[in-house]
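These notes are about the structure you will find just below.
The values are calculated or read from the model by the stated rules, or taken from the named source; none is laboratory data. The model shown is predicted, which means the values in this text are computed figures rather than measured ones. Cβ coordinates were reconstructed from backbone atoms using ideal geometry, including for glycine residues, and neighbour counts include every protein chain displayed. Remember, those area values only see protein heavy atoms, side chains included, never the ligands or the DNA or RNA. Shrake-Rupley method; radii C 1.70, N 1.55, O 1.52, S 1.80 Å.
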Amino acid sequence: MVSMLQNVAIDSANAYELARFWSQVFDAAMHPEDKPGDHETEVMLPGGPVLFFNQVPEPKTIKNRLHMCLRPETTREEEVGRLMDLGATQVADHRGPDGGGWVVLADPEGNEFCVLQGAAERAAMSS
């Protein structure tokens with residue numbers, strides 16, 4: 001017997017608004033019953049676990065111990081631009097002169113996540 005991953009829980013100050021941001025990041029639907037003001041919301045990732053947003057009273061104060069790494073369908077730079085247009089902010093830049101590396105962004109509530117190279121960029125570096 002093994003366990004199955006049911007969801008990834010993310011504490012938030014505004015569960016609905018943070019879920020809305022991440023639903024746009026992944027172009028994935030929020031739970032159909034979720035509405036503004038809900039203290040618990042979900043983003044339904046196709047073929048993956050549910051992102052569960054739980055509203056909590058305390059603010060984020062330190063670096064995440066767990067974070068998501070995103071591999072875009074486009075280039076890393078295009079995805080970083082798109083995510084920043086959605087409301088993400090850049091925290092750190094770990095891109096190397098050879099084109100490798102990643103960019104650390106934060107969602108609107110300060111939760112860090114990484115944007116890796118796109119699959120085509122990664123394949124080009126390997127050849």
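Of all residues in the range 1-56, those satisfying the criterion of being of a type in the set (Val, Ile, Thr), under 18 Å from Cys114 (Cα atoms) and either modelled with pLDDT under 95 or assigned to a strand (DSSP E or B) (or both) are Val8, Ile10.
Within the range 97-117, work out how many residues are on the phi < 0 side of the Ramachandran plot, open to solvent by less than 30 Å² (accessible area, probe 1.4 Å) and assigned to a loop (DSSP other than H, G, I, E, B).
Residues of the range 97-117 that are on the phi < 0 side of the Ramachandran plot, as a first pass: 97-98, 100, 102-109, 111-117.
Now drop any that are not open to solvent by less than 30 Å² (accessible area, probe 1.4 Å), which leaves 100, 103-107, 111, 113-115, 117.
Within this subset, residues satisfying the condition of being assigned to a loop (DSSP other than H, G, I, E, B) are 100, 107, 111, 117.
Counting residues in the range 97-117 that are on the phi < 0 side of the Ramachandran plot, open to solvent by less than 30 Å² (accessible area, probe 1.4 Å) and assigned to a loop (DSSP other than H, G, I, E, B) gives 4.
Give the number of residues within the range 79-91 that are closer than 24 Å to Ala124 by Cα and free of Cβ contacts under 8 Å to residues at least 24 places away in the same chain.
Matching residues across the range 79-91 total 2.
Screening the candidates Pro59, Pro72 for the property of being open to solvent by 30 Å² or more (accessible area, probe 1.4 Å), in a loop (DSSP other than H, G, I, E, B) and not hydrophobic (A, V, I, L, M, F, W, C) yields one hit, Pro59. Close Cβ contacts (under 7 Å, 6 or more residues apart or on different chains) running from residues in the range 5-20 that are at positive phi to residues that are surrounded by fewer than 18 Cβ atoms within 10 Å (Cβ to Cβ) are absent. Residue-level check: of (1) at pLDDT 95 or above; (2) more than 28 Å from Ser127 (Cα to Cα), Val103 misses just (2).
Residues that are open to solvent by less than 70 Å² (accessible area, probe 1.4 Å), more than 14 Å from the chain's Cα centre (by Cα) and among the small types (Gly, Ala, Ser) are absent from the range 42-56 altogether.
Every test in (1) farther than 22 Å from Asn7 by Cα; (2) within 15 Å of the chain's Cα centre (by Cα); (3) open to solvent by 70 Å² or more (accessible area, probe 1.4 Å); (4) modelled with pLDDT of 95 or more is passed by Glu78 save one, and that test is (2).
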